[in-house]
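Scroll down for the structure; my scribbles are underneath it.
The values are calculated or read from the model by the stated rules, or taken from the named source; none is laboratory data. This one's a predicted model, so the numbers in the text were calculated from it and none came from an experiment. Virtual Cβ from ideal backbone geometry, glycine too; neighbours counted across all protein chains shown. To get the accessible areas, we keep the full protein, side chains included, count just its heavy atoms, and leave off ligands, DNA and RNA. Shrake-Rupley method; radii C 1.70, N 1.55, O 1.52, S 1.80 Å.
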Amino acid sequence: MNQPEFQDESNFPWGIGVFDGHCHPTDTMASIADIPHMKATTLTVMSTRGDDQDLVLQVASNLNESNEGNEDAKQRILPCFGWHPWFSHQIIDDTTTPDNEEKSPDEIKKAHYSSVLKPAPDEAFISTLPTPKPLSQLLSETRSRLERFPSALVGEIGLDRAFRLPQPWTPEEHETRDGGMTPGSREGRRLSPHQVRPEHQKAVLEAQLRLAGELQRPVSVHSVQAHGGVIEVFKGLWKGHERKIASRRERKRRGSHVDAHAGSDAEDGEDGKQALKKSNGAGAGADAGEHQHPTPVPPFPPRICMHSYSGPAETLKQYLHPTNPSDVYFSFSSVINFSHHSDKSIAVIKALPDDRVLIESDLHIAGQQMDDRLEEVTRQICEIRGWDLRQGVQQLADNWRHFVYGDALSDS
């Protein structure tokens, strides 16, 4: 199937609000100066590894604080803090690792990388890898950053069965590397045969999902050749917290109850808002009676975005099942979805509900190129969905706001 033709509308309605659901501009710090001049309203900026956590924090602090006192100013940066599966081998799970007090740091490092990488690397390769960070430290640092930004997300996190670690830098590569790129990424190096074992990736992912649940933050999830594994982790955390689906008899009884109280729509009224909050775990216990106990915080995030979703349309029913207690969204980028998975992505976009579609650039550089990509993918999605351009931009903006803010948006 060919890519859809763009709608013939010369003026793009940026004024409605255009939100990049997933991007990495801190990988090219020189481009950060272009963000105040961009047309996009807000960039949802991901962190992925040790090299960029504080960069995301600093950029959000600098750009957002500069808008204080200006009611018309845009929130340029929505920061996200998380550890990407490509770097999950750098985390040692000290919650399950046996006592290492009698081992030297080198022995701990060797045992860790020999355990979490396949095939097990030799000592020369291990020597080029960083000292692993304890999972407990990662969670503590992430919690601190999230608490500094009440709207911040957890991301980018996830699973990747295709990724292989890059080979160590050669002296020639290191000499000629682009100094404008934030260290830590592949940067064109050849790939080694070593992969991170799925069970270790899952442990790092689950720990971050639990933190997101505790703080009630949405998450941005990476999944490559791992949709079954991601669903498995989600279902493990959702177990025992499933939403109840009303039976036909219950729906009929509720219908007669509504008829008897015509004009009182609980879902649109304050009572309905509070009930919806409680069903989603938000504000649990806030309105509890004197003899009621607060509802425990769920061990899963309230909302999930599957970024640059590359799975088949058939898998959507597992993510969108009505008993799932997390609301799952799907974002799309022209650089991924319409370059490598065009036919599959078109089928997915057609199958999704209107209110679960998001856009993203997934770019590592801010500025005009990012704006161009956002306009491009917006036009593509509008064509696929049959939306006129203004309708589509408004729908996508509303979807981003609900993904980020949830029920709080309805109460503002």
Extended-chain gain in nm, criterion 0.36 nm per residue less alpha-carbon gap, residue 342 and residue 197: 49.3 nm
Modelled FRET efficiency - R0 25 Å, residue 248 with residue 320, Cβ distances, 0.05 increments: 0.75
The range 299-412: radius of gyration over Cα atoms, expressed as a fraction of 2.2 N^0.38 Å: 1.05
Calculated from backbone phi, Karplus (6.51, -1.76, 1.60) coupling profile of the range 381-395 in Hz, x at Gly/Pro: 5, 4, 5, 5, 7, x, 8, 6, 4, 5, 4, x, 4, 5, 4
Residue-count net charge about residue 224 - beta-carbon cut-off 15 Å; Lys, Arg +1, Asp, Glu -1: +2
Accessible area of the range 133-211 belonging to carbon and sulfur atoms, whole % at 1.4 Å probe: 49 percent
J(HN,Hα) series, the range 226-235, from Karplus relation 6.51 cos²θ - 1.76 cosθ + 1.60, nearest Hz, glycine and proline x: 8, 5, x, x, 5, 4, 4, 5, 4, 5
Charge tally in the Cβ shell below 12 Å around residue 152, where Lys, Arg are +1 and Asp, Glu are -1, residue 152 excluded: +3
Among the listed pairs 252/317; 244/350; 39/344; 202/235; 109/133, those beyond 18 Å (Cα-Cα): 252/317; 244/350; 39/344
